[in-house]
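Have a look at the structure below, then the notes.
The values are calculated or read from the model by the stated rules, or taken from the named source; none is laboratory data. Since this is a predicted model, take the numbers as computed values, not measurements. Note: ideal-geometry Cβ built from the backbone for every residue, glycine included; neighbour counts use all protein chains shown.
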Amino acid sequence: MTAGTSPATRIAVFDTTLRDGEQSPGCSMNRVEKIRLAHQLQRMNVDVIEAGFPVASPGEWESVHAIASEIRNCSIAGLCRTREADITAAAKALAPAARPRIHVFIATSDIHLEHKLRMSRPEVLRQAVEAVRLAKSLAPEVEFSAEDASRSDYGFLREVVAAVHGAGADVVNIPDTVGYAVPEEYGAIFAALVKDVPGVVLSAHCHNDLGLAVANSLAAVRNGARQVEATINGVGERAGNTALEEFVMALKVRSGNYGFSTRVKTEEITHASHMLASITGIWPQPNKAIVGRNAFAHEAGIHQHGVIKNPLTYEIMTPESVGAGESLLVLGKHSGKHAIESRLEALGIELEPEEIEQVTARFKELADRKKFIYDEDLLALVANAPERRARLIRYQVVSGNALLPTASVELEIDGETRSASAVGNGPLDAALRATDTALGLELELVDYHTRAVTVGKDAQAEVVVRVRYGEMEVTGHAASTDSIEAALKAYLSAVGSARARSEGVAA
Ligand code: KIV
Ligand code: ZN
């Protein structure tokens, strides 16, 4: 069910994590990761998944095409400028989808017209209409976005919205592209358009530069929007987009106030949040609403006392309602392949038989190092498949606060063993320098994130690195109970992705 066909009280949720979200620094994902996330979005039951911007690159086209081929229960959208080449590329990439949606945009504000597009208003209007007509001839669902709508002249915006609606756009999106609007003002644009363009289905798309994206999206809904665009964990350009989990839970928890609902399975929210964070290495701040580590933690004694007596004292929603219940102690050293497979299935992850074998082998290695293995450990094993073409055989570090840190590494690169040693200003610096020497490459470490996967001193460290390799920036990740080993494996996984990309192999 999409915005145009929903019952009057249903708000369609358009997830743009894979497009607008992916545009934020450090959030890029490879094809396999995008597909994994798309499956989780489908499990969560969003209405539309914006899979990417197909004309942007062959890799992007492939990812959109793969998602369109695999996902059956959501509309799959691909973004396009008003250019014919963009629209035809999107139509082809989306062709296998059960419900393809071509999403065309052009800016409507004078600032954008004068300084970016260098086009007149009539020219923008003409291109918008022609693009929607072309898109409508190639796909059953068409969405049009008036970029920077909230800063556009209302008269011109109304003219464009009416024209694209007339040309066949099923949904017209009114973005607050630069996060400038405030709720009363943004809501008023929707109220006016609903009155001035009868029958149009409007969508809200908000950026969070003033921290108002969710408030603006709710104001839009109150004033007639029937679709809201959002991202998991609120990732996105600059300060991000409307956080999907916050918007959805606001409508659910305050249903008496708004009287609208979504079809999102809220119990899948935490899993989606963790999946995105472990892919990108960007974890929400601990006090982030709904998905932050502390979102359901009651620290003050008086709060704890109240919650034990009756959760309603301090809890407006249960952790279980967003899938943030107790972490399960899963399996032990003696658990076999079938137990692992069925636990993964319960977590919504289906793997190919070959992948199950690999995860089981890694599980056994982990069980030798760590006594208790939790769901999070299992998820980290799945998310952090080791790089096969550049493999760490062993490393050694001698370090201390009164010593010059020294490291030696032994790697296997495409079947050939290479070793090197180096000193550094710390054990990790030394180990990464030794790795560079063994690889014979000059790499720049642009970003480095680490976190403990579970509680406990023996917890696995998950490391996500961003590495610059020539013109390319790539992400790598790995997990291990040994944090230096995790860092080296993450580094090698980034090198593997860079090599695959430069050889034109889709990662
Ligand atoms: O913020 C924006 O205006 C966009 C459009 C392309 C929909 O992301
Ligand atoms: Zn946007």
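Across the range 221-256, the qualifying residues are those that are over 21 Å from the mean Cα position of the chain (by Cα) and touching a residue at least 60 places away in the same chain (Cβ under 8 Å), and the one among them that is surrounded by the fewest Cβ atoms within 10 Å (Cβ to Cβ) is VAL253.
Taken over the range 17-58, the residue count meeting the criterion of being assigned to a helix (DSSP H, G or I) and either under 25 Å from VAL142 (Cβ atoms) or out of contact with any helix residue (DSSP H, G or I) (no Cβ under 6 Å at 6 or more places or on another chain) (or both) is 17. Of all residues in the range 296-318, those satisfying the criterion of being assigned to a loop (DSSP other than H, G, I, E, B) and at pLDDT below 90 are PHE296, ALA297, HIS298, GLU299, ALA300, ASN310, TYR314, GLU315. When the test is whether a residue is modelled with pLDDT under 90, surrounded by 13 or more Cβ atoms within 10 Å (Cβ to Cβ) and among the small types (Gly, Ala, Ser), ALA431 does not pass it.
Among residues of the range 427-443 that are under 23 Å from LEU403 (Cα atoms) and assigned by TED's automatic domain parsing to the domain that holds VAL495, those with a beta-carbon under 8 Å from a residue that is modelled with pLDDT of 95 or more and aromatic (Phe, Trp, Tyr) at least six positions away or on a different chain give the pairs ALA431/TYR395; ALA434/TYR395. Being within 16 Å of ligand 2 (Cβ to nearest atom), within 20 Å of the chain's Cα centre (by Cα) and within 20 Å of ASP170 (Cα to Cα) is a property that CYS80 has.
If only one of PRO100, PRO7 is modelled with pLDDT under 95, away from ligand 1 (no atom under 16 Å from the Cβ) and out of contact with any Gly (no Cβ under 6 Å at 6 or more places or on another chain), which one is it?
Exactly one residue qualifies, and that residue is PRO7.
Here is a yes/no grid of residues against (1) surrounded by fewer than 24 Cβ atoms within 10 Å (Cβ to Cβ); (2) within 26 Å of the chain's Cα centre (by Cα); (3) in the same structural domain as ILE76 (by TED's automatic domain parsing):
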site: VAL161; (1), (2), (3): no, no, yes
site: VAL172; (1), (2), (3): no, yes, yes
site: TYR186; (1), (2), (3): no, yes, yes
site: VAL197; (1), (2), (3): yes, no, yes
site: VAL200; (1), (2), (3): yes, no, yes
site: CYS206; (1), (2), (3): no, yes, yes
site: ALA213; (1), (2), (3): no, yes, yes
site: LEU218; (1), (2), (3): no, yes, yes
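Criterion applied to LYS489, LYS457 was being surrounded by fewer than 19 Cβ atoms within 10 Å (Cβ to Cβ) and charged (D, E, K, R), and the one residue passing it is LYS457. Residue pairs whose Cβ atoms lie under 9 Å apart, sitting 6 or more positions apart in sequence or on different chains, and linking a residue in the range 197-220 that is farther than 22 Å from ARG238 by Cα to a partner that is within 14 Å of ligand 2 (Cβ to nearest atom) and β-branched (Val, Ile, Thr), are LEU202/ILE174.
Scan the range 176-192 residue by residue and report those that are away from ligand 1 (no atom under 16 Å from the Cβ) and among the aliphatic types (A, V, I, L, M).
VAL182, ALA188, ALA191, ALA192
Counting only strands (runs of 3 or more DSSP E) that sit completely within the range 396-507, those holding 2 or more residues that are within 29 Å of LEU379 (Cα to Cα) correspond to 406-413, 444-452, 461-469, 472-480. Within the range 339-356, can one find any residue that is closer than 18 Å to ALA385 by Cα and touching a Ser or Thr at 6+ places or on another chain (Cβ under 6 Å)? The answer is yes, given that some residue of the range 339-356 is closer than 18 Å to ALA385 by Cα and touching a Ser or Thr at 6+ places or on another chain (Cβ under 6 Å).
Condition check ((1) away from ligand 1 (no atom under 16 Å from the Cβ); (2) of a type in the set (S, T, N, Q)) across all residues:
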| site | (1), (2) |
| --- | --- |
| ALA204 | no, no |
| LEU210 | no, no |
| ALA215 | yes, no |
| ARG222 | yes, no |
| ARG238 | no, no |
| VAL253 | yes, no |
| ASN257 | yes, yes |
| SER261 | yes, yes |
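When the range 155-191 is filtered for residues that are of a type outside the set (D, E, K, R), out of contact with any helix residue (DSSP H, G or I) (no Cβ under 7 Å at 6 or more places or on another chain) and more than 16 Å from ligand 2 (Cβ to nearest atom), the ones remaining, listed by number, are GLY155, ALA162, HIS165, GLY166, VAL182, ALA188, ALA191.
Could you check the range 364-378 and list, in sequence order, the residues that are part of a helix (DSSP H, G or I) and either acidic (Asp, Glu) or surrounded by 22 or more Cβ atoms within 10 Å (Cβ to Cβ) (or both)? GLU365, ASP368, ASP375, GLU376, ASP377, LEU378 - these are the residues of the range 364-378 that are part of a helix (DSSP H, G or I) and either acidic (Asp, Glu) or surrounded by 22 or more Cβ atoms within 10 Å (Cβ to Cβ) (or both). The one condition from (1) crowded, with 23+ Cβ neighbours inside 10 Å; (2) away from ligand 2 (no atom under 16 Å from the Cβ) that GLY281 does not meet is (1). Is there a residue being closer than 16 Å to PHE247 by Cβ and assigned by TED's automatic domain parsing to the domain that holds LYS252 anywhere in the range 28-36? No, because not a single residue in the range 28-36 is closer than 16 Å to PHE247 by Cβ and assigned by TED's automatic domain parsing to the domain that holds LYS252.
When every residue of the range 147-161 is checked against the conditions, none turns out to be touching an Asp or Glu at 6+ places or on another chain (Cβ under 9 Å), free of Cβ contacts under 8 Å to residues at least 60 places away in the same chain, of a type in the set (A, V, I, L, M) and more than 28 Å from ASP209 (Cα to Cα). Candidates are the residues of the range 356-384 that are farther than 20 Å from HIS271 by Cα and charged (D, E, K, R); the one that is nearest to the chain's Cα centre (by Cα) is ARG362.
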